[in-house]
Amino acid sequence: MKNFNRRQFVAAASLTSLAAVAAGISPALANTNGAKADLAADDKSRWKRVNNTVYGAKADETGPIGGEKGYKRIITSGDYTVETLEALIDALSKAKAGQVVFIPGGAEIDMTTFIYIDKIALKIPEGVTLASDRGHMGSKGGLITSDSLDTPLMIDILGPNVRISGIRLQGPNPKRYLDHHKRAFGPGGPGHTYYYKFPVSRGISTKHSKLEIDNCEISAFSSAGISLSSGEGHHIHHNLIHKCQYNGLGYGVSHDMAYSLIEYNVFNENRHSLAGTGRPGSGYIARNNVQLGISLSHCFDMHGGRDRKDNTDIAGTSIEIYNNTFYPPERAVVIRGVPQEKCDVHHNWFIKHENAEKAVRGEAKTNVTNNLYLEKHGIVK
């Protein structure tokens, strides 16, 4: 039997899971020999037209949902070209707004010791693009990785108008650790203090507006792959975001007081692919995303005041969820309070749910209308 290190295991398992889910096979039963997920191949099966109305996620002219092969905004060169961690740090320190720091597709940049010893993240200045060439002539995209479970943050955004495109960002923790969560929060458990003795990891974090992340593969972060602390105009699109599934956290994209447009992504094996604290001044538009068939809990989330214990029932300000395709049997959307303005859920395709009550849970101002339910002989309600 071939020996895999952790990094190889995450990559091989993710490809197997995606290919298996697309074929309707349990990942546990899928053949791991030479498995490769073509994210574009199954596009036509991810949406359905009923009475001239499209339900579910349909790719746009920019390229396939999830990016990679066929994506039309791939960057293939830059003002700085780097293949080592030292060169990357140096280039980011020198780059000015409008410039590109480029990592060739075959490069692997390991931040493990840098993070473990110094607890330092890569810092991207205002207006700078960090890029690789995922999908160009078969390239997987340059890899930035950390194997240290204690990875507080890999990439810190220092200003607005930053773009991250075409890279692979791989964290240290693809696991769920269900037993740890049970020990912490089960009957008589010690609670949060014990739970947070185990380190957590985040991929990208910003407090600034207009972060664009496109055509990336982001995986294996126990807290969040992408953390939007504040700012507006964030655009997260054409990415593959998976294996962020540590029980209790485990978010593909998380929001605090931030607004974002999240579209044309493929999600799989997260606890919540989208999540938010629900504080006033937050929300997202999620459209044309594909949630593949493995999810630890509900897929798209917004917390409410009961979660924050702030004596309100506020669950964000404005949320729109439309033209997404959901494969998991778990509930697709949970809004855990009342949005200040609205949560509109429409024109989605809920493959495994037969009605709105099973697909979505919400309270006042969560409006669920005109969605498609079930895979065969779909019902519009």
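What follows is calculated from the coordinates using simple rules that are stated; it is not laboratory data. All values reported here derive from a predicted model rather than from experimental measurement. Counting neighbours? That spans all protein chains shown, and the Cβs are built from the backbone with ideal geometry, glycine included.
Structure notes:
- Cβ-placed point charges (K, R +1; D, E -1), dipole of the chain about Cα centre in debye, nearest 20: 820 debye
- Cross-link reach is defined here as a Cα-Cα straight distance under 16 Å, omitting same-chain residues fewer than 8 places apart; for LYS197 the aspartates and glutamates meeting it are ASP150, ASP179.
- Relative contact order for the chain: 11 percent, from Cα pairs under 8 Å spaced at least 6 residues apart, divided by residue count.
- Residues of type lysines that LYS72 reaches as a straight line, Cα spacing below 18 Å, ignoring anything fewer than 8 places off in the same chain: LYS58, LYS140
- Label point distance in nm, VAL54-ASP307, each placed 7 Å from Cα along Cα→Cβ: 3.0 nm
- Model label points for ILE285 and GLU212, set 7 angstrom from Cα along the Cα-to-Cβ axis, are 1.6 nm apart.
- Here the label points at ASN370 and HIS192, each 7 Å from Cα along the C-beta direction, are separated by 4.1 nm in the simple model.
- Too-long pairs where the Cα-Cα distance tops 31 Å, listed order kept, from LYS123/LYS352; LYS309/LYS365; LYS69/LYS365; LYS210/LYS352: LYS123/LYS352; LYS69/LYS365; LYS210/LYS352
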